[in-house]
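What follows is one structure encoded as structure tokens, with my remarks underneath.
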Amino acid sequence: MNNAAFVALVVHRFYDKARTDILIGYHFARIADFATHMPRIVAFWETQLLGITHKFDPPLDVIKAHMPLRIHRGEVGRWMKLFRETLNEVQIPDELKTDWEQKLTQFEQVFLRHPLLFVSSD
């Protein structure tokens, strides 16, 4: 299996979990046709991890794309937990796993520091 196939496998497995998760699943229920959205998510991670460019432009401004969701701060932690669990469940090359864990940490820090991303009731 090549690295692009590993990326697709991890993304699909993660979203299978996340979409049914009791804490964060409701965010994904807002997307009318999630199957159509998945290639964009896979493309985003391929760009982040493998430098692959695509015919369509995946959303590069991750914060802007997530602002309408009105995320709670704790939900970022849940997203991270589920994603890291998925990375540990799938046997991917060590280098790809290390790179992915670093990207996840970077995204977590950006998300948690962004003042306009979260609902104010937290």
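The values are calculated or read from the model by the stated rules, or taken from the named source; none is laboratory data. Only a predicted model underlies this, so the values are computations on that prediction, with no experimental measurement involved. Here the Cβ positions follow ideal geometry from the backbone for every residue, glycine too, while neighbour counts run over all protein chains shown.
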Quick check on my filter: what residues within the stretch 76-97 are at pLDDT 90 or above and under 22 Å from ARG30 (Cα atoms)? GLY77, ARG78, TRP79, MET80, LYS81, LEU82, PHE83
Looking at LEU104, is it in a loop (DSSP other than H, G, I, E, B) and either of a type in the set (D, E, K, R) or modelled with pLDDT under 95 (or both)? no
Is one or more of the residues making up the stretch 99-113 touching a residue at least 24 places away in the same chain (Cβ under 8 Å), of a type in the set (Val, Ile, Thr) and in contact with a Phe, Trp or Tyr (Cβ under 9 Å, 6 or more places away or on another chain)? no
Hey, which of the helices (runs of 4 or more DSSP H) in the stretch 1-69, taking only ones fully inside, have at least 1 residues that are at pLDDT below 95, among the aromatic types (Phe, Trp, Tyr) and loosely packed, with under 15 Cβ neighbours inside 10 Å? 25-29, 34-50
